[in-house]
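Enquirer: Shown below is the structure under consideration.
Bear in mind that the values in this text are calculations on the coordinates, not laboratory data. All of these numbers come straight from a predicted model, not from anything done at the bench. Backbone-built Cβ (ideal geometry, glycine too); neighbour counts: all protein chains shown.
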Ligand code: PMP
C-alpha cells in the first residue's frame, strides 16, 4: 500500500515532524510541492475514481488522442488568467512539456537542408534544451549555445531556433526573444508564466508557447504539458511526433488533468492567490536573510503590474539565483554544501561556478530548513568563525 503522507527528505516519523540531525536540505530539485496544501484542502473535490473498464481504448470516440473537454478547459484557464491567447490557435498535448521541447524543435527544423537549424538559448538557460537536442542528434538541428553570440552573427541562410524561457529558469526574468529575421523561429517556454511566480503583464502571443501542469497545479508526476500553436502545419508536425513517440499522452493523465482543472476553475482565484502568497513570503524571507550578508547576493526582480491581480505585485520567483561574491568562494555549490544546503550548480545553466540555483518551490519543511541553514551560514561566516 502507498503511504498516505509523504515526508520531505530531512524529515520522518508518522507525521513527518521528526528532523534527521545533520541532514543536508534539498534545494536542488524543482519539485513544485509548495502547492500540496492547496490540494490537501481540496482533497475531496479533486479525488476521482476510475473503473477498470474506463478509457481502455487508444482513442477517444472522435478518433483522436486528445480529450476535447480537457482542451476546452485549458482554453478557459488561459482566458481567465490572461496569460496566453488561445483563440484561433491549435493545442497539442505532451508527456510533460519535456516531450514538447523536441517536438517543437523538429517541427521547426528544415528537412534535408544543407545545414542544420541552429538551436540556441540565452545564458543562464534550462539545461534540458541542450541535453535533449544533443540526445536526439539529427541532420536537421544542432545545439549552438548562447543566443547572444548569434545576435549579430547569424547568416540569413541558416535557420535559427531560439528558446525563450519566460519567466526564466533559473533567474525568474521575463525574457524576450533576442533574434529576429525571416530565418528565426522562436519557442516560448512559459512553464512558469502563472500568477504564482510572476506578474502577468500581458497575454503571451508567441507562435509556439509551451505550458506545463507541473508548475501550474504542481502535478509534476502526472507528466502533462501542452503547446499553443499558431500555424496548422507546425501543429500537425508536433502531434505526429507525439503519436510516433508515445501514441499521445496517457489517457489517465488527461483524465486527472481534467479533474484538477475543474477544481481550479471552481475555486475561482484560490490557487493563484495561494501560490502567489506562498512564493512571495518565501522570497521576502530569503531576501531578508541574504541582505544581512555581503557574501551572497540574489537576482534583482522589480515589482511589476499584474493584469490578473490588477495591481503592482512583489516578486515571487520559483528559484533563487544566488551568487557567491567573495573572491575565494569560486565554487559556490561547495560553499553551500559545507553549510548543509544542496543547490544546483550554476554551470548546469552554462553560467559558471559562482552561481547556484536554489529551489523555492518545494515543501514548507524544506524551505524552513533552507532558511535556517542559510541563517547559520550567513552568521557563522560573517563573524569569521
Ligand atoms: N521548461 C522549464 C523551463 C522547466 O523548468 C521545466 C521543468 N523543470 C520544464 C520545461 C519541463 O517540465 P515538465 O516536463 O514537467 O512539464
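Enquirer: Looking at segment 209-327, what helices (runs of 4 or more DSSP H) fall wholly within it and have at least 3 residues that are away from the ligand (no atom under 16 Å from the Cβ), out of contact with any strand residue (DSSP E or B) (no Cβ under 9 Å at 6 or more places or on another chain) and without any contact (Cβ under 8 Å) to a residue 24 or more places away in the chain?
Expert: Numbers: elements: 213-216, 232-246, 251-266, 270-291.
Output list reads 232-246, 270-291.
Enquirer: Residue by residue through segment 159-180, note down the ones that are more than 11 Å from the ligand (Cβ to nearest atom) and closer than 18 Å to residue 105 by Cβ.
Expert: Of everything in segment 159-180, those that are more than 11 Å from the ligand (Cβ to nearest atom) and closer than 18 Å to residue 105 by Cβ turn out to be 159, 160, 161, 162, 177, 178, 179.
Enquirer: Moving on. Go through segment 84-103 and count every residue that is more than 16 Å from the ligand (Cβ to nearest atom) and either in contact with a strand residue (DSSP E or B) (Cβ under 6 Å, 6 or more places away or on another chain) or under 21 Å from residue 308 (Cβ atoms) (or both). Let's see the steps before the verdict.
Expert: Step one: list which residues in segment 84-103 are more than 16 Å from the ligand (Cβ to nearest atom), which gives 85-90.
Then keep just the ones that are either in contact with a strand residue (DSSP E or B) (Cβ under 6 Å, 6 or more places away or on another chain) or under 21 Å from residue 308 (Cβ atoms) (or both); that gives 85-87, 89-90.
Residues flagged as more than 16 Å from the ligand (Cβ to nearest atom) and either in contact with a strand residue (DSSP E or B) (Cβ under 6 Å, 6 or more places away or on another chain) or under 21 Å from residue 308 (Cβ atoms) (or both) within segment 84-103 amount to 5.
Enquirer: Next question, about the same structure. Suppose we keep only residues that are closer than 22 Å to residue 110 by Cβ and away from the ligand (no atom under 11 Å from the Cβ) within segment 187-208. Which one would you say is surrounded by the most Cβ atoms within 10 Å (Cβ to Cβ)?
Expert: 208
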